[in-house]
Amino acid sequence: MLLQEEREQVVDFSLRMLHDDLTVGTSGNISVRRDELVAITPSGVDYRALTPGSICVVDLDGEVVDGAMRPSTEIPMHTTVYREYEVGAVVHTHPLYTSTLSVVCDELPAVHYMVASLGGPVPVVPYATYGTPELAANSVAGLADGHTAVILQNHGATTVGDTLADAYTRSEYLEWMCRMYYQARLYGTPNILPDDEVARVVERLRSYGQR
């Protein structure tokens with residue numbers, strides 16, 4: 001089976017995404033790149049019914065090269081990100097707090113130092129219809145300047161990483177910080193970390209976990 005290991009990863013993390021409330025129903029999508037090919041979730045399929053064989057394999061133009069199902073409707077966003085950035089995985093989610101923030105804010109500010117793991121305060125890019133080249137272009141623009149996460153207005157979020165585990169962890173951090181920001185706003189005006197502190201944490205994270 002073409003990209004068997006990557007297809008297995010997509011199945012595993014799709015189930016995690018559902019279990020962790022990072023999406024609802026069949027919304028959201030996940031992909032992993034190997035060289036010039038991408039393994040991506042199919043469109044409109046219950047995550048609990050996924051098997052490695054139901055994961056689609058496409059090229060960087062979005063053309064199916066293996067798999068009987070139709071790829072995710074967000075394939076333009078995934079392939080555009082892969083063409084523009086040297087990343088190995090893309091995770092697109094519809095989590096409650098991140099999606100809520102997308103309706104009322106222009107960015108997730110530096111409410112916690114771990115925003116540095118996402119490249120700094122996370123921008124909210126303008127709304128565009130799902131599955132369109134316009135949404136893909138907006139997502140790519142939001143990932144500029146070293147960002148590894150972008151919030152899509154009135155929609156959800158996209159995170160990227162060298163590995164699927166990296167991209168998925170960033171989705172978890174993003175939702176946690178959006179929830180933190182929401183709850184802090186209920187109590188008052190949150191303290192926001194200055195840019196120089198975020199830059200300092202970015203540098204410290206480069207060696208985090210290394211021996």
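The values are calculated or read from the model by the stated rules, or taken from the named source; none is laboratory data. Being a predicted model, the structure only gives us computed values, none of them experimental. Neighbour counts run over all protein chains shown; Cβ positions are idealised from the backbone, glycine included.
Against the definition (in contact (Cβ under 8 Å) with a residue 12 or more places away in the chain, polar (S, T, N, Q) and out of contact with any helix residue (DSSP H, G or I) (no Cβ under 7 Å at 6 or more places or on another chain)), how does residue 79 come out, yes or no? Spelling it out, residue 79 is indeed in contact (Cβ under 8 Å) with a residue 12 or more places away in the chain, polar (S, T, N, Q) and out of contact with any helix residue (DSSP H, G or I) (no Cβ under 7 Å at 6 or more places or on another chain). Here is the figure for segment 154-165: residues that are surrounded by 18 or more Cβ atoms within 10 Å (Cβ to Cβ) and either free of Cβ contacts under 8 Å to residues at least 60 places away in the same chain or in a helix (DSSP H, G or I) (or both) total 1. Of the set (1) under 27 Å from residue 34 (Cβ atoms); (2) surrounded by fewer than 21 Cβ atoms within 10 Å (Cβ to Cβ), all apply to residue 96 but (1). The selection criterion, being modelled with pLDDT of 95 or more, over 27 Å from residue 5 (Cβ atoms) and crowded, with 22+ Cβ neighbours inside 10 Å, holds for residue 135.
What about residue 191, is it exposed (fewer than 15 other Cβ atoms within 10 Å of the Cβ), on the phi < 0 side of the Ramachandran plot and outside any helix (DSSP H, G or I)? Considered against the rule, which asks whether it is exposed (fewer than 15 other Cβ atoms within 10 Å of the Cβ), on the phi < 0 side of the Ramachandran plot and outside any helix (DSSP H, G or I), residue 191 comes out as yes.
Determine whether residue 48 is loosely packed, with under 13 Cβ neighbours inside 10 Å and of a type in the set (Lys, Arg). The answer is yes for residue 48.
Residue 139 falls short on exactly one of the conditions (1) in a loop (DSSP other than H, G, I, E, B); (2) polar (S, T, N, Q); (3) out of contact with any Phe, Trp or Tyr (no Cβ under 8 Å at 6 or more places or on another chain), and that condition is (1). Is it true that some residue in segment 114-126 is touching a residue at least 12 places away in the same chain (Cβ under 8 Å), under 14 Å from the mean Cα position of the chain (by Cα) and part of a helix (DSSP H, G or I)? Scanning segment 114-126 turns up at least one residue that is touching a residue at least 12 places away in the same chain (Cβ under 8 Å), under 14 Å from the mean Cα position of the chain (by Cα) and part of a helix (DSSP H, G or I). For segment 3-23, the count of residues that are closer than 13 Å to residue 167 by Cβ, in contact with a Leu (Cβ under 7 Å, 6 or more places away or on another chain), of a type in the set (Gly, Ala, Ser) and not in a strand (DSSP E or B) is nonzero. The condition of being charged (D, E, K, R), surrounded by fewer than 19 Cβ atoms within 10 Å (Cβ to Cβ) and without any contact (Cβ under 8 Å) to a residue 24 or more places away in the chain holds for only one of 185, 179, that being 185.
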